[in-house]
Amino acid sequence: MIFKCKNCGGNIVYNPDKATMCCPHCDGLDTEEKLVSTESIRTCANCGAPMDSVVLEHTFATKCPNCGTYTILDERVADKYKPDLILPFRVSKDKAISLLRDEFGRRVFTPSTFLNNASVSKIEGTYVPFFMYDYDTESEYYGTGTKVRSWSSGDYEYTETSYYDIHRVMDADFDKIPVDASDYMDDTYMDLMEPYAYEGLEDFEEKYMSGFLGEKYNRSEEELASRAENKVASAVEGLVNDSISGYATVTKKSMEIQSAKKNVDYALLPVWEYIFRYRGNDYKFHVNGQTGKVVGKTPVAKDKVALYGLTVFGLITLIGSMLRLLLAVVM
Ligand SMILES: [Zn+2]
Ligand SMILES: [Zn+2]
């Protein structure tokens, strides 16, 4: 499907600044008309150009390589692939670019030529597929704690160690534990981009997709459930540990966690993806499309590092000679 403007016929997209559908051609607001494709689309509904080069195995939203119209593949957002929730973009493309520039400016070792000479080979907003798991847990913990008391009497030092049985029973319910369901998007990037404010999740609507790329989940929620369970287990351990205090040492004897999966939502999270080309290398950056957090490595300028090293070394030499001077005076 594509979204067309009722005023001018242009491709209408979701505008993160205005939090609504907006026509970039005539500035019309909420003038969208949804054109659903009747067949499985491999050609652009606007210009008829073939879309094979941009429709990959998991793609469900893309952009026509010929006319730039944003297209959503109907059959890949329907039935079992219909997302339950979406976190719409709150950071616009311009805002994301200015956040990146601010970030580069703050990084001491980024070469000053990087910003001017880096050519942007790709800037796209992408929705990354996630499963959000709800778990109820019941846990039982057994451990031993010690308390130590010391005193002296006459020539003797006494130490008394008391041992305590620790028992905890805990009921804890977890809502919306996120697990990245995309092989393409590196988990380390997604982890670094957290936290997202999940209270911003909305019921899925196709219009939020227009203007962005996206891919459907690559793995099933059953396949990924163990990752959510691991997150739950470490959260439960953390809660139990927080509840035990006042001992010199604590030793765990046993911990049993029973977790029941209550609900799973298929959700889409927004990411700006940037690839900069600089002196023959690609540098990948990601910006959290909701909070604006920037993740990525900038190149290191050798001359800046040398200069920095020199300054530090210079200071040490200076302090060294001052010290010698002081010693000379004292002696
Ligand atoms: Zn328009
Ligand atoms: Zn086209």
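Every number here is computed from the coordinates shown, using simple stated rules; none is lab data. All of these numbers come straight from a predicted model, not from anything done at the bench. Every residue, glycine as well, gets a Cβ built from its backbone with ideal geometry; the counts of neighbours run over all protein chains shown.
Which part of region 148-170 falls in the paramagnetic zone of Lys253, meaning amide N under 18 Å from the point 7 Å along Cα-to-beta-carbon? Correct set: 162-170. Summing charges over neighbours of Gln290, with a neighbour being any other residue whose Cβ is under 15 Å away from its Cβ, gives 0 when K and R count +1 and D and E count -1.
Could you tell me the relative contact order of region 163-239? Use alpha-carbon pairs under 8 Å, at least six residues apart, and round to a whole percent. Once normalised by length, the contact order is 53 percent. Oblate is the label for region 8-89. Its Cα gyration tensor axes, ordered a ≥ b ≥ c, give a/c of at least 1.5 and b/c at or above a/b.
The residues neighbouring Val250, those whose beta-carbon lies less than 15 Å from its own, together hold a net charge of +1 under the Lys/Arg +1, Asp/Glu -1 convention. Give the Debye-formula value of log10 I(q)/I(0) at each listed q (0.15, 0.20, 0.23 Å⁻¹), with one equal scatterer per alpha carbon of region 157-261, two decimals each. Result of the Debye calculation: -0.86, -1.24, -1.44.
Each residue, Ser245 and Thr146, gets one label point 7 Å from its Cα in the Cβ direction; the gap between the two is 2.2 nm. The simple spin-label model puts a point 7 Å past each Cα toward its Cβ; for Ser153 and Asp183 those points are separated by 7.2 nm.
Taking packing as the residue-averaged number of other Cβ atoms within 10 angstrom, the listed peptides 168-176, 268-276, 145-153 run from highest to lowest as 268-276, 168-176, 145-153.
Under a model in which nothing but the beta-carbon of Lys, Arg (+1) and Asp, Glu (-1) is charged, region 131-289 shows a dipole of about 560 debye around its Cα centre.
Sorting 282-291, 192-201 by their mean Cβ neighbour count within 10 Å, with the most densely packed peptide first, gives 282-291, 192-201. Using the average count of surrounding beta-carbon atoms within 10 Å as a protection proxy, the listed peptides 241-251, 42-52, 9-19 rank, highest first, as 9-19, 42-52, 241-251.
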